[in-house]
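Student: To start, I am sharing the structure in question, which I have written as structure tokens.
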Amino acid sequence: TAGPGWSWVFWVNVPIGLVITAVLMALLPATPPLANRPRLDVLGAILVTASTASLIYALIAAGENGWLTTLTAWLALGAAVGYTLFVIWQRKTASPLMDVRLLVRRPVATGAFLILMATALMIAVFFLGTFYFQHARGYNALHTGLLFLPVALATMAGANLTGRVIGRLGG
């Protein structure tokens, strides 16, 4: 953002995605015939996407208009109803997007909760840290980004190492 501007961040993933697509096409085996593949759960995808969008807009509306407004309440209710319908649909469809029964298993629920907390903390650190470095300390965008680079690299290395250790030693 220090060079070409903030909008370039939306395009930086295009060449990365093209490289990943080419590598995957070269490494992955040929796809099975269409008759053997499970059907795509379009309704499930629509329900979870709409519910997530409603939840995000509820949080935005709460920030702009307050938590106790009609708009925020309707959006939050819409998200709750949508997620409930998603869970019901996932339990009865032949080819679900996810097996929601996994979420009641203690290790999965614990792991999901820990990932949620770690992600929330990481986002808060990056978001608030950016404000601090740029506004309180007067650093430009490049300097601020470079300050966060060790955290990002350590996170990637830690995730890789953790996956290997868990694979070798178990949970």
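The values are calculated or read from the model by the stated rules, or taken from the named source; none is laboratory data. It should be emphasised that the depicted structure is a prediction, and the values quoted were computed from it without experimental measurement. Every residue, glycine among them, receives a Cβ derived from its backbone with ideal geometry; neighbour counts consider all protein chains shown. Just so you know, the surface numbers come from the protein's heavy atoms only, side chains and all, with ligands and any DNA or RNA stripped out. Shrake-Rupley method; radii C 1.70, N 1.55, O 1.52, S 1.80 Å.
Student: Do we have SER7 as closer than 30 Å to THR130 by Cβ, hydroxyl-bearing (Ser, Thr, Tyr) and loosely packed, with under 10 Cβ neighbours inside 10 Å here?
Tutor: Yes.
Student: Just checking, does the range 72-81 include any residue being closer than 30 Å to LEU142 by Cβ, surrounded by 13 or more Cβ atoms within 10 Å (Cβ to Cβ) and out of contact with any Asp or Glu (no Cβ under 7 Å at 6 or more places or on another chain)?
Tutor: Scanning the range 72-81, I find no residue that is closer than 30 Å to LEU142 by Cβ, surrounded by 13 or more Cβ atoms within 10 Å (Cβ to Cβ) and out of contact with any Asp or Glu (no Cβ under 7 Å at 6 or more places or on another chain), so the answer is no.
Student: Does MET117 qualify as being open to solvent by 60 Å² or more (accessible area, probe 1.4 Å), closer than 20 Å to THR49 by Cβ and of a type in the set (A, V, I, L, M, F, W, C)?
Tutor: No, not satisfied.
Student: Inspect all residues belonging to the range 156-164 and state whether any of them is surrounded by 11 or more Cβ atoms within 10 Å (Cβ to Cβ) and within 27 Å of GLY3 (Cβ to Cβ).
Tutor: no
Student: Here is a further query. Taking the conditions exactly as written (in a helix (DSSP H, G or I), within 26 Å of LEU47 (Cβ to Cβ) and open to solvent by 70 Å² or more (accessible area, probe 1.4 Å)), does THR84 satisfy them or not? Steps first, please.
Tutor: Details: in a helix (DSSP H, G or I): yes; within 26 Å of LEU47 (Cβ to Cβ): yes; open to solvent by 70 Å² or more (accessible area, probe 1.4 Å): yes.
Considered against the rule, which asks whether it is in a helix (DSSP H, G or I), within 26 Å of LEU47 (Cβ to Cβ) and open to solvent by 70 Å² or more (accessible area, probe 1.4 Å), THR84 comes out as yes.
Student: Tell me which of these ILE16 doesn't satisfy, since it passes every other one: (1) in a loop (DSSP other than H, G, I, E, B); (2) closer than 30 Å to ALA159 by Cα; (3) open to solvent by 80 Å² or more (accessible area, probe 1.4 Å).
Tutor: Among (1) in a loop (DSSP other than H, G, I, E, B); (2) closer than 30 Å to ALA159 by Cα; (3) open to solvent by 80 Å² or more (accessible area, probe 1.4 Å), ILE16 violates only (1).
Student: Another question, then. Take the conditions under 18 Å from the mean Cα position of the chain (by Cα) and of a type in the set (A, V, I, L, M, F, W, C) and apply them to ILE88. Does it pass?
Tutor: no
Student: Would you mind finding the one in TYR57, TYR139 that is closer than 29 Å to TRP8 by Cα, touching a Leu at 6+ places or on another chain (Cβ under 9 Å) and open to solvent by 90 Å² or more (accessible area, probe 1.4 Å)?
Tutor: Going through TYR57, TYR139 in turn, just one is closer than 29 Å to TRP8 by Cα, touching a Leu at 6+ places or on another chain (Cβ under 9 Å) and open to solvent by 90 Å² or more (accessible area, probe 1.4 Å): TYR57.
Student: Provide a single number: the residues in the range 87-109 that are in a helix (DSSP H, G or I), of a type outside the set (A, V, I, L, M, F, W, C) and buried (at least 16 other Cβ atoms within 10 Å of the Cβ).
Tutor: 1
Student: Of the residues that make up the range 42-49, is at least one more than 21 Å from the chain's Cα centre (by Cα), in contact (Cβ under 8 Å) with a residue 40 or more places away in the chain and within 19 Å of LEU97 (Cβ to Cβ)?
Tutor: No, the range 42-49 contains no residue that is more than 21 Å from the chain's Cα centre (by Cα), in contact (Cβ under 8 Å) with a residue 40 or more places away in the chain and within 19 Å of LEU97 (Cβ to Cβ).
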